[in-house]
Structure formats: structure tokens, C-alpha cells
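Asker: Here's a structure for you.
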Amino acid sequence: MDLTERIERRRTRRSKNELVVDRDSLNPAVHLSEPVGRETLFEALLNAIDPLFDRSVPPNVYVWGPRGSGKSAIVTALISALDAEVTASNPFYTATRGGTDRPDVQFVYLDGRRATSRFQLYRQLLDNLLVETIPERGVSTDALRERIAGVTDANETVLVAVDHLGERGTVDLADLYSFFEPFGDLAWIGVGRTPPEDLSLPIPEQQIHVPAYTYELVDILTVRGSRGLSQTLDHVHAQQIADWADGDAHDALAALFVAAINAEADDATRLRDEDVDIGTASVPTAGIPVGTVLALSDNEQRVVAHLVELSLDSEVTIEAAAEKIADRTDLTGGTVKRLLYELAQRGVLERCEVTVGPQATGRRPSGVELNFSERLFAALRNE
């Protein structure tokens, strides 16, 4: 944060009397343009794709590491910076093939949570490469593949990063090999959590390990807290949250976000000990990232939102929860029930047994529990 930003933050605090002045800075689903504490990994990625700067197609790259280690932050920042450099007034190189002034490299970031099939991946890739809008229906996967081949064969090289590989419901590294093999001038960066030695398939020549955060997590909380809060985040609170999160930046920022909105709801002008306790208690340590929930379809998010609003906890059967939600929406009970089971398969919800009474015999019916921070989800969904 530069001096101008610091002055403006204090002016905003004085004029609006708000604790939270920039929610995006606290939002774990939003990444900074320059992530904190990962400079050496940026160099490693640039080294991996270095052939681009010699007008050659780089090798494929696999970026891996535990959840919350900053993989997405690093890759999105790199793709964004490269794209800005190429399309600037003085790009690092422009096309010479065919006499065109178009850049002969394009950079695309795709969220695997939002592109969960070959069709969706192809469609979103084309949507980024072309000015025209690519239809969501009425076009075949083969037609999309031919369009991509036409773009890459004509006068462009594409470097595409695909994030969140191998999560429940997303494509995996083997899929990338299969999906992108037909395109000779396309290279990819796959981002996932699985160590290479646990993958039974060809591994990209370039592999970059992103370790969990250690001492850097306090710096991340301090930097993002200083941007998001009108009052400087207390170092003791930053250290407390970092120790609790155990290297997971997502959980640390999620706890900080909930702590901040809890304090603001009480008209507090700074974070208190009780806010931090509430923030850490609200984030399940084995839960899923809030980005997974925000990437759900509209109907899936509606179902989840009603689960949160109605407090349909583990003592309510799936069937009863489905009927209650259906009564509040235009969805049928059968549709809601199916979505609840699918959400449980994806890890958004956790299946659990429901106690139906002391005389119950046989297999107990199932209920569901939320597997994410409901306070964080509710706050982000209502923005």
C-alpha cells in the first residue's frame, strides 16, 4: 500500500465511520494483483514459460501444493500481468506471421470450479480468445474444438492456466492432456493439490511446488487487513489467526472477514478479541473454500442460501429440508432433493444421520451439514 492509499483510507474512515472499507481485500475468494511473500515462485513460473519470450511454445507446467498455499493467487497474478504486458502499447513481442499486428500469444485463466467438463472448458476458453460471445447451448463440443484449433493454427499461441484441478467435481490433470492434446500451439499450466508422485499418468516436464505458508501468513493478514480495515490490524490478532489457520491463507482470511463484519455489526471501530474468536469459530477447519460455493450454479446457490437462512441443521432429514426449500422457491421438492445429494457429493454439504426418535429401528434417514462458513457465504452472497 502506497502513501496515497494510506491517506485515503484514513479519510474514508473519518467520513464514513466504517470499520470495513474494502471488502475485496478481506475476501479470501479475491486475489491481490501482487501476492505477498511468493516472489521466488513467480521467478520459477517465469523460468518455466521462458520459451515464450523467444517466440516458442513453452512446455506444460504443473503447479501443486496444499489448499490455501496461494497457488491461485500466484497463477492469476502472473496471467493478468502477462496479459497486460502483451496488450500494452509496448508489448514484449507482437505478431510477425501473416503481417498482422495482433499479438501472437494470448493468456487465459480458467477456473476449474466453473468449467467442469470438456464442453465448458472449451467454451470458456473460446469466450476468452474471441470477441464474439460463444453460446452456452446449441453448439457441439467438436465444433468448439475445431474453432480453437483454427485460432491456434492460424496466428496465435495460447497459454491457458486451469485452476482447481482434481477437486471433487472438477477436471483433473489427465483431462487436460486429453482436452488440449489436439492443439499444437497451446500450452497449459495446471494447478492442483495432488503431489506428482501420487498421479499415475505422464507428468508435465515443468513442476512447481507451492509449500504451505509459514511466517508469511501474518504478513498476508497484515497487508490485506491494512487495505480492508479502517484501523490497522493488531499484530496479536494477526498472529492468533495465522496460528489457528496453520498455513492456510483461505481460512485465515475467512476468519478475518467474519471477525470484521461481526465487529462492524456491533458498531465497533476496531477488531476485538471476541470478534477474532467468532471469526475462527465460524470457519470449519476441514471445510471447503468459499470460492467453491460461489462457483455453484444459480439453483445450487439458492438451495444453499435457503439452507443457511432456514437453519436446516443435521436434525432435519434431507426429504424434510427439500420440502421446506421447495415451498420457498419455484423448484420442486424432487429437484431440491437431487441438488442436496449432488452438493453432498461435491463436498459442499456433509451427509449425517438424523435421530428420528428413541424407538427408531433400521437405517436412520440422512440429513446434511454445511461444510463451509455460512456467515462468510451469506455476507458475500448479499453484496
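Asker: So, of the residues in region 19-38 that are over 15 Å from the mean Cα position of the chain (by Cα) and open to solvent by less than 70 Å² (accessible area, probe 1.4 Å), which turns out to be nearest to Leu294 (Cα to Cα)?
Answerer: This residue is Asp22.
Asker: Here's a follow-up. Does region 215-241 hold any residues that are without any contact (Cβ under 8 Å) to a residue 40 or more places away in the chain and under 20 Å from the mean Cα position of the chain (by Cα), and which are they?
Answerer: Within region 215-241, Leu217, Leu221 qualify.
Asker: For region 124-144, which residues satisfy the criterion of being under 19 Å from the mean Cα position of the chain (by Cα) and either surrounded by 19 or more Cβ atoms within 10 Å (Cβ to Cβ) or assigned to a loop (DSSP other than H, G, I, E, B) (or both)? Write out each step before concluding.
Answerer: In the first step, residues of region 124-144 are kept if they are under 19 Å from the mean Cα position of the chain (by Cα); the result is 124-125, 128.
Gln124, Leu125 - these are the residues of region 124-144 that are under 19 Å from the mean Cα position of the chain (by Cα) and either surrounded by 19 or more Cβ atoms within 10 Å (Cβ to Cβ) or assigned to a loop (DSSP other than H, G, I, E, B) (or both).
Asker: Filter region 262-292 down to residues that are out of contact with any Ser or Thr (no Cβ under 9 Å at 6 or more places or on another chain), outside any loop (DSSP other than H, G, I, E, B), among the hydrophobic types (A, V, I, L, M, F, W, C) and surrounded by 20 or more Cβ atoms within 10 Å (Cβ to Cβ), then give me how many there are.
Answerer: 1
Asker: Right, next: In the list Glu167, Glu146, which residue meets the criterion of being in contact (Cβ under 8 Å) with a residue 40 or more places away in the chain, over 20 Å from Asp83 (Cβ atoms) and of a type outside the set (Phe, Trp, Tyr)?
Answerer: Exactly one residue qualifies, and that residue is Glu167.
Asker: Still on this structure: Would you confirm whether or not region 302-324 contains a residue that is closer than 26 Å to Leu165 by Cβ and either at pLDDT below 90 or open to solvent by 70 Å² or more (accessible area, probe 1.4 Å) (or both)?
Answerer: no
Asker: May I pose another question? Restricting to region 145-168, give me the number of residues that are more than 15 Å from Val191 (Cα to Cα) and outside any strand (DSSP E or B).
Answerer: The first filter runs over region 145-168 and keeps only residues more than 15 Å from Val191 (Cα to Cα), leaving 145-158.
Narrowing the set further to residues that are outside any strand (DSSP E or B) leaves 145-156.
Number of matching residues: 12.
Asker: Looking only at residues that are basic (Lys, Arg) and within 14 Å of the chain's Cα centre (by Cα) in region 39-76, which one is surrounded by the fewest Cβ atoms within 10 Å (Cβ to Cβ)?
Answerer: First, pick out the residues of region 39-76 that are basic (Lys, Arg): 55, 67, 71.
Right, trim to within 14 Å of the chain's Cα centre (by Cα) and you get 67, 71.
On the way: Arg67: 15, Lys71: 23.
Among them, the one singled out is Arg67.
The values are calculated or read from the model by the stated rules, or taken from the named source; none is laboratory data. Everything numeric here is computed off the predicted structure, so don't read it as measured data. A quick note on method: Cβ atoms are made from the backbone with ideal geometry, for glycine too, and the neighbour counts reach across all protein chains shown. Areas reflect the complete protein model, heavy atoms only, side chains present, ligands, DNA and RNA absent. Shrake-Rupley method; radii C 1.70, N 1.55, O 1.52, S 1.80 Å.
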